Amino acid sequence: MKRLIPLVFLSLLTGCETTSVSDTVISPISTHATGYQQGAKTTLYWYTSQQNQPVKLAEVVTAEHSERYESEYRWRDGKLREIKRQGTRLGDEHYLVPFTLHLRYDAEGQAVYQRFTQDGSVLPLSDVELYAPIRQVDAALRVIAQQRKAGLSLVQGYWQQQHMILCGEQRAKSLTFNTVAAQAAASGHDRATGYMALTGKVRRDSIEASQVLLLADNSQQCLVSPVLLDPQ
């Protein structure tokens, strides 16, 4: 009986240790890049989540009148806590001016910090302006969820007629357009060559384009996820 006691005790310790290890398992972080175009506004997204909850979202937005800005959003425990944005927008005189926006929210979603500058001047924000980014990011998350469900992701590269070389690669893949709108966007470009960003599916030897987002000449560099917020 005395010989059994250490074995039983060891078994108990082993069981406790196993439980302890399983409790400390960290779920993997998932990332997904996609994009969306509606009217004159085009947005590229880089989304990070963990346990189906948002962690971070970065975006590059181009709009009419050559407006362009980048944003980064950060969540904590599933709650949006911080936003930073910078770019150019139409000013009061209807010409492009630089702007920056920095917002922080508490766990209840109340704004606790704001700083908005336009053309070098610090300006106050109305309540509508303080909470408009929350509605914008909610809409973005719905688009991202729809794109992921459809198996669509952001694809960038350099195309020539019916082939495309993805960013960071050297071997060309065949390029097909599986929607009339995507085909029309590519056909309407001045030259059937240059930089292209699209949403679609990448196969081993081919790319299926669902929506063409951006077209430019070969001098355009591939876009990367903006980093605006300070690391935690």
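Would you kindly state the longest site-free stretch of the chain, with sites defined as GluC sites (Glu not before Pro) in a DSSP loop (not H, G, I, E, B) surrounded by at most 12 other Cβ atoms within 10 Å?
Within the chain, the longest run free of exposed GluC sites (Glu not before Pro) spans 1-92.
State the percentage of accessible surface on segment 93-232 attributable to carbon and sulfur atoms; use a 1.4 Å probe and exclude ligands, DNA and RNA.
Carbon-and-sulfur percentage of accessible area, whole number: 50.
Can you tally the net charge around Leu44? Count Lys and Arg as +1, Asp and Glu as -1, for every other residue whose Cβ sits under 12 Å from the Cβ of Leu44.
Residues near Leu44 contribute 0 overall.
Counting Lys and Arg as +1 and Asp and Glu as -1, what is the net charge of the other residues whose Cβ lies under 13 Å from the Cβ of Gln53?
Here the count lands on +4.
Here is the link list: Lys84/Lys149; Lys56/Lys173; Lys41/Lys173; Lys149/Lys201; Lys84/Lys201. Which ones come out longer than 22 Å on Cα distance?
With Cα atoms farther than 22 Å apart: Lys84/Lys149; Lys56/Lys173; Lys41/Lys173; Lys84/Lys201.
Exactly which chymotrypsin sites (Phe, Trp or Tyr not before Pro) in segment 78-117 are in a DSSP loop and have at most 16 other Cβ atoms within 10 Å?
Tyr95
Within segment 118-137, which residues have the backbone N less than 13 Å from the label spot 7 Å out from Thr100 along Cα→beta-carbon, could you tell me?
118-123, by backbone N distance to the label point.
What's the whole-number percent of alpha carbon pairs in segment 84-232 lying beyond 21 angstrom?
Across segment 84-232, Cα pairs with separations above 21 Å total 59 percent.
Mind checking segment 196-232 for trypsin sites (Lys or Arg not before Pro) that DSSP puts in a loop (not H, G, I, E or B) and that have at most 12 other Cβ atoms within 10 Å?
Sites meeting the loop and neighbour criteria: Arg203, Arg204.
In Å², and per residue, what accessible area does segment 82-212 have when probed at 1.4 Å with the other protein chains present?
Per residue, segment 82-212 has 58 Å² of solvent-accessible surface.
Where the centre of each part is set by its Cα atoms, how far does segment 149-204 sit from segment 112-141, in angstrom?
Spelled out, the Cα-based centre of one part sits 34 Å from the other.
Restricting to DSSP H runs of at least four residues, report the calculated mean residue ellipticity at 222 nm for the chain, -39500 (n - 2.57) per run over all residues, nearest 500 deg cm²/dmol.
-7500 deg cm²/dmol
The values are calculated or read from the model by the stated rules, or taken from the named source; none is laboratory data. These numbers were taken from a predicted model, which means no experiment stands behind them. Using ideal geometry, Cβ is built from the backbone for each residue, glycine included, and neighbour counts are taken over all protein chains shown. Heads up: the accessible areas ignore ligands, DNA and RNA and are worked out on the full protein's heavy atoms, side chains in. Shrake-Rupley method; radii C 1.70, N 1.55, O 1.52, S 1.80 Å.
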